[in-house]
Amino acid sequence: MKRLVLLGASGSIGVQTIDIVQQHPDLFEIVSFGVGRNIAKAKEYLELFPDIQTFSVQYQEDAELLQKQYPDKKVLSGEEGMEEIVSQDNYDVLVNALVGFAGFLPTLKAIETHHDVALANKETLVCGGELINRACKEYDCQLYPIDSEHSAIWQSLRGNKKEQVKRLLITCSGGSFRNKTRDELKDVTVEEALAHPNWSMGAKITIDSATLMNKGFEVIEAHWLFDIPYDEISVLMHPESVVHSAVEYVDHSVIAQLGAPDMRLPIQYALTYPDRYSYDLDTPLDLTKLSTLHFGAPDTERFPLLALAFEAGKKGGNLNAVMNAANEVANAAFRNHEIPFLKIEEIVIGAVHHAPFKELTCVQDVIDADTWGREYALNVIKGANQ
Ligand code: MG
């Protein structure tokens, strides 16, 4: 029985994690969870898992209200609440399904209190990959990737030697605007951006998929997870999202992992590794029904944030946290109809190119870089809307 703490429990990955837990009550137990503002979901989980003693919500006023309704439970709130539940010694694995930089400190805290982390929050590694890897070594903890591409690479690496890897091939569906020209991208709407052709995901990551920022983050994530240099990581356009990623070896053999585009597969594998278990899937991959799969090179002129991520990744230091922070602010501003789609890339590129470079030596450096990126982006948005 694996005991889990689940952060971001009401989001897309969180809900699918609960589904996996419910399908395998003999394998998993949720001991604590954290949600944002979705109080209805919190109540639903307390019904489903009555043994949960402690949980956390984003806002103190929600926590106070819930505390009155659940006097036998401990209701926490805010960053401190998340920190407290990930620091408990009553669980085995943190499932971090938070969105954005908010996921960084809980990941680090869980590792520092000797817990393995199943990581859906890629921003953790984008912003502070070197600090996270250092902590994993120091506290002897493991990261288990939940991102579908990284799960595919992880599976394709099994049984082989890392020294014999030639390159990682991260596949990319291309997002909602994969067929649009630069000119057409000028006028795209939020609604169009949110209509991802293959994957059902949260709003923030769906926009990041449309700008290819998400793929750029995944390159950085792969670099830290698998300790592979950036020059040995390639992005491969693959609109069908059937090949979830692949590894090419020195003998030119390519090993890939294929499956239906369903996040529950990588979630479950991260939690059952190295074992595999069945789970209910309405439409498993049926290769006889696929007549054609397409592959191609990415177009970084149409989608410059992918090239920017390689650049920031190679330069390292604070630039990745700056890039992430500027992107979080710009992504949200686009979703709030404050800026047009192409303004996102302008803001993120501007932030990375204007930020004074600094090595990351401690957690505060990451937080400072995040603050700098946010302020830069907010200033540009304010200026644009004046
Ligand atoms: Mg992914």
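Sequence-ordered 3J(HN,Hα) estimates for the range 276-288 from the Karplus curve with 6.51, -1.76 and 1.60 and θ = phi - 60° stand at 10, 10, 6, 8, 6, 9, 4, 10, x, 4, 10, 5, 5 Hz, glycine and proline given as x. Here the dipole of the range 112-180 is about 540 debye; that uses its Cα centre as origin and unit charges on the Cβ of Lys and Arg (positive) and Asp and Glu (negative). The mean sequence distance of close C-alpha pairs (under 8 Å, at least 6 residues apart), as a share of the length of the chain, puts its relative contact order at 15 percent. Ordering Phe104, Val250, Thr17 by Cα displacement along the dipole of the chain toward the positive end leaves Val250 in first place; charges were set at the Cβ atoms of Lys, Arg (+1) and Asp, Glu (-1).
Once you reduce the range 30-44 and the range 144-222 to the center of their Cα atoms, the two points are 28 Å from each other.
Rounded to the nearest 5, what % of DSSP beta bridges with both residues in the chain are antiparallel?
If we restrict to bridges inside the chain, about 25 percent are antiparallel.
Farthest towards the positive end of the charge dipole of the chain, among the residues Leu94, Ala152, Asn198, is the Cα of Asn198, using unit charges on the Cβ of Lys, Arg, Asp and Glu. Which of rounded, prolate or oblate describes the range 1-105 when judged by the alpha-carbon gyration tensor and an a/c cut-off of 1.5? It comes out rounded by the Cα gyration axes.
Approximating the spin labels as points 7 Å out from Cα along Cα→Cβ, the Lys343-to-Gln88 distance works out to 4.3 nm.
Amide H to amide H, with H built 1.01 Å from N, Lys2 comes under 5 Å of Phe28, Glu29, counting only residues 5 or more places away or on other chains.
Pairs over the 29 Å Cα-Cα cut-off, from the set Lys122/Lys358; Lys43/Lys137; Lys137/Lys343; Lys166/Lys215; Lys109/Lys161: Lys43/Lys137; Lys137/Lys343; Lys109/Lys161.
Considering only Leu305, Ala321, Leu293, and ranking their Cα positions along the charge dipole of the range 293-363 that arises from unit charges at the beta-carbon of Lys, Arg, Asp and Glu, the one farthest toward the positive end is Ala321. Taking the Cα centre of the range 52-98 as origin and assigning +1 to Lys and Arg Cβ atoms and -1 to Asp and Glu Cβ atoms, the resulting dipole is close to 200 debye. Report summary: the helix-based calculation at 222 nm, which adds -39500 (n - 2.57) for every DSSP H run with n ≥ 4 and divides by the residues of the chain, gives -14500 deg cm²/dmol.
Less than 5 angstrom separates the built amide H of Tyr59 from those of Gly78, all sequence-distant by 5 or more or on a different chain. Within the accessible area of the range 85-186, the carbon and sulfur atoms contribute 42%, probe 1.4 Å, all protein chains present. Compute a Gaussian network model of the chain, connecting alpha carbons closer than 10 Å, and tell me which residue from Val250, Val93, Val219 fluctuates the most. Comparing Val250, Val93, Val219 in a Gaussian network model of the chain, the most mobile one is Val250. Oblate is the label for the range 76-179, because the ratio a/c of its alpha-carbon gyration tensor axes (a ≥ b ≥ c) is 1.5 or higher and a/b is not greater than b/c. Karplus-derived 3J(HN,Hα) values for the range 185-191, using 6.51 cos²θ - 1.76 cosθ + 1.60 with θ = phi - 60°, are 5, 4, 10, 5, 9, 4, 4 Hz; glycine and proline are entered as x. In a reduced charge model with +1 at each Lys and Arg Cβ and -1 at each Asp and Glu Cβ, the chain shows a dipole moment near 480 debye about its Cα centre.
Once a ≥ b ≥ c are taken as the square roots of the eigenvalues of the Cα gyration tensor of the chain, is the result rounded (a/c under 1.5), prolate (a/b larger than b/c) or oblate (a/b not larger than b/c)?
Verdict is rounded for the chain.
The values are calculated or read from the model by the stated rules, or taken from the named source; none is laboratory data. This one's a predicted model, so the numbers in the text were calculated from it and none came from an experiment. Glycine gets a Cβ as well: all are built from the backbone with ideal geometry, and neighbour counts include every protein chain shown. Quick note on the areas: whole protein, heavy atoms, side chains included, nothing else; ligands and nucleic acids left out. Shrake-Rupley method; radii C 1.70, N 1.55, O 1.52, S 1.80 Å.
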